[in-house]
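Just below is one structure, and these are the notes that go with it.
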Amino acid sequence: MDSPFEFPPFTLRVFVIVGALPPPSFAFMTFIRSISGFRGTIGGPEGNNLTPPDVVRSTMGYGSWIQEGFTPSEDHPRPVVVVGRDARPSGDMVQRLVTGTLMGMGIDVLDLGLSTTPTVEMAVIGEHADGGIILTASHNPVQWNALKLLDGHGAFISAEAGAEVIRRSTAPMNFAGVEDLGQVTELTGWIDAHIQSILDLELVDRAAIASAGFKIAVDAVNSTGGIAVPALLKALGVTEVVELFCEPHGRFPHNPEPRPEHLTELSSTVVNHHCHLGITVDPDVDRLAFVSEDGSMFGEEYTLVAVADHILAHTPGPVVSNLSSTRALRDIAARYGQTYTASAVGEVNVVSAMNETNAIIGGEGNGGVIYPTLHAGRDALVGIALFLTLLAKRGGRISELRSTYPNYEMVKAKIDLNPSWDADALMKKFAASQAHLNPLTVDGVKLDLESGWVHLRKSNTEPIIRVYAEAATQEEALRLVETFKNDLLALA
């Protein structure tokens, strides 16, 4: 969901605070409870990391919330929860703990095994389940894992529901007797069903893609994208797929976040194998980025821009992205005479804004495409199909397509939180100090400036403050980051 980015040569991560404050401690708690679910590093002391007791308590809180809203019927006597995971090595352990806990609470489990976040979301809808849990830490490194929580509509639970789940995770709990234990059913075929649903979309043109004769390289960071993306490309009629890191054993060959500095091997593969483009996804396949035929980055921020271009050309309507996403999406919406809305960061917030505005397309600038005609969640697979349809119909090279969009440069920085800081109070002080710039405070502090914008906010998934800026040039974006980062730190 969040996207930290270390852009050379500027040192974006702040390790030492200049002034009277001591250097930040590195003994951060790495068990984070937020609207994004429960996330942490595997191992270590209970309560500070994602240990087995923490997994169990987190599942108990969610299971109790599911039970509270459940009404039994003759053909649906117990709540049903879909569970799937990415391929990281801790996934099997975490899934056994989650599944066993749900069973002990009298909740039936539909076990998808290795899957993708959007596939689990679709399975919740398709199986008429009461909720879902995806075991993935998304872009975080291999030592992390998480429980991402879905409601009965296959969407991430609301902030209010998340707060209730957290409260329930620390409360005493009653468990089912032997006659009322939940049952586990293993389900196969949902990735194939997901792909078929994409093929059935009106704005996905398989014939055009097949006739384009695409040769595409895929980097799936040895996670479940290695199962789903090649299968999708073959179903779309792609002529040749060059698979790179597509074995789903979960040993990431590089940092799994799809950022340029992590994609050098994919870039080389595209050039050396004379591919039309390269595709990369994160471990749970809800983020998507492209590499152009010359090895250059199409730009993760521009994934949603290109898909929106295709959608708006055929089905005009409102567009939504979060406050930290590129202005280029707003510009594309204006090109088609459509409205653009910026939401707070976080998929649940984007989806909420899309529902309020009846948006036809939305997502996040980290490569997250949300196409509600299919389902209300970030989905790299549908993003691939829509993007390839656009490229096939427009013709030409992917780098030429990129040149048709407004060009902005973005820098994504982060500041490690000192455990002694009150981050929320610090952000309020910063907003007050920038009152003359009319800050937006719906999510952290965003300043819209004549030269660009800067957005500072506390992360939902890591103990950091993110500092994002966008401008016409990289130098100006770097200047904005440096200026307002220092303004914030001066108040700490």
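The values are calculated or read from the model by the stated rules, or taken from the named source; none is laboratory data. Note that the coordinates shown come from a computational prediction; the quantities given were computed from them, not determined experimentally. Cβ: placed from backbone, ideal geometry, glycine included. Neighbour counts: every protein chain shown.
At-a-glance table
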quantity: Matching residues in region 114-131 - criterion: being buried (at least 24 other Cβ atoms within 10 Å of the Cβ), over 16 Å from the mean Cα position of the chain (by Cα) and either at pLDDT below 95 or not hydrophobic (A, V, I, L, M, F, W, C) (or both); calculated: Gly131
quantity: Region 161-180 residues that are assigned by TED's automatic domain parsing to the domain that holds Pro53 and under 21 Å from Phe38 (Cβ atoms), paired with ones that are β-branched (Val, Ile, Thr) and surrounded by 12 or more Cβ atoms within 10 Å (Cβ to Cβ) (beta carbon under 6 Å, 6 or more apart); calculated: Gly162/Ile35
quantity: Filter result for Thr136 (at pLDDT 95 or above and either crowded, with 24+ Cβ neighbours inside 10 Å or assigned by TED's automatic domain parsing to the domain that holds Pro372 (or both)); calculated: yes
quantity: Residues of region 443-492 satisfying the condition of being in a loop (DSSP other than H, G, I, E, B) and either under 30 Å from Leu50 (Cα atoms) or of a type in the set (A, V, I, L, M, F, W, C) (or both); calculated: Asp443, Gly444, Ser459, Asn460, Thr461, Glu462, Pro463, Ala472, Ala490, Leu491, Ala492
quantity: Unique residue being among the small types (Gly, Ala, Ser) and either in the same structural domain as Val320 (by TED's automatic domain parsing) or over 26 Å from Ala220 (Cβ atoms) (or both) when the list is Ala359, Ala392; calculated: Ala359
quantity: Meets criteria (over 22 Å from Thr280 (Cβ atoms), modelled with pLDDT of 95 or more and touching a Gly at 6+ places or on another chain (Cβ under 7 Å)) for Ala353; calculated: no
quantity: Some residue of region 379-394 being part of a loop (DSSP other than H, G, I, E, B), at pLDDT 95 or above and crowded, with 24+ Cβ neighbours inside 10 Å; calculated: yes
quantity: Exclusive hit being over 30 Å from Ala163 (Cβ atoms), buried (at least 18 other Cβ atoms within 10 Å of the Cβ) and at pLDDT 95 or above, set Leu480, Leu456; calculated: Leu480
quantity: All strands (runs of 3 or more DSSP E) inside region 187-303 with 3 or more residues being surrounded by 24 or more Cβ atoms within 10 Å (Cβ to Cβ); calculated: 215-219, 277-281, 288-291
quantity: Filter result for the condition that a residue is in contact with a helix residue (DSSP H, G or I) (Cβ under 6 Å, 6 or more places away or on another chain), closer than 29 Å to Thr389 by Cα, assigned by TED's automatic domain parsing to the domain that holds Thr51 and in contact (Cβ under 8 Å) with a residue 40 or more places away in the chain, over Gly154, Gly126; calculated: Gly154
quantity: Only listed residue being at pLDDT 95 or above, under 26 Å from the mean Cα position of the chain (by Cα), aliphatic (A, V, I, L, M) and part of a strand (DSSP E or B), chosen from Leu110, Leu102; calculated: Leu110
quantity: Residues (of a type in the set (A, V, I, L, M) and buried (at least 24 other Cβ atoms within 10 Å of the Cβ)) located in region 139-156; calculated: Ala146, Leu147, Leu149, Leu150
quantity: Only listed residue being over 28 Å from Ser459 (Cα atoms) and either assigned by TED's automatic domain parsing to the domain that holds Val238 or surrounded by fewer than 24 Cβ atoms within 10 Å (Cβ to Cβ) (or both), chosen from Ser321, Ser399; calculated: Ser399
quantity: Region 54-80, subset assigned to a strand (DSSP E or B) and of a type outside the set (S, T, N, Q), residue farthest from the chain's Cα centre (by Cα); calculated: His76
quantity: Qualifying residue in region 407-414 (condition: touching an Asp or Glu at 6+ places or on another chain (Cβ under 9 Å), of a type outside the set (Phe, Trp, Tyr) and in a helix (DSSP H, G or I)); calculated: no
quantity: Candidates Ser459, Ser403, filtered to the one that is under 28 Å from Gly299 (Cβ atoms), out of contact with any Pro (no Cβ under 9 Å at 6 or more places or on another chain) and of a type in the set (Ser, Thr, Tyr); calculated: Ser403
quantity: Near pairs, Cβ below 6 angstrom, 6+ apart or cross-chain, from region 30-53 (assigned to a strand (DSSP E or B)) to any residue that is aromatic (Phe, Trp, Tyr); calculated: Gly40/Phe31; Thr41/Trp144; Asn49/Phe31; Leu50/Phe31
quantity: Near pairs, Cβ below 8 angstrom, 6+ apart or cross-chain, from region 260-278 (free of Cβ contacts under 8 Å to residues at least 40 places away in the same chain and closer than 10 Å to Phe290 by Cα) to any residue that is of a type outside the set (S, T, N, Q) and part of a loop (DSSP other than H, G, I, E, B); calculated: Ser267/Gly295
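Condition check ((1) in contact with a helix residue (DSSP H, G or I) (Cβ under 7 Å, 6 or more places away or on another chain); (2) among the aliphatic types (A, V, I, L, M)) across all residues:
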{"site": "Val291", "(1), (2)": "yes, yes"}
{"site": "Gly295", "(1), (2)": "yes, no"}
{"site": "Thr303", "(1), (2)": "yes, no"}
{"site": "Arg330", "(1), (2)": "no, no"}
{"site": "Ser352", "(1), (2)": "no, no"}
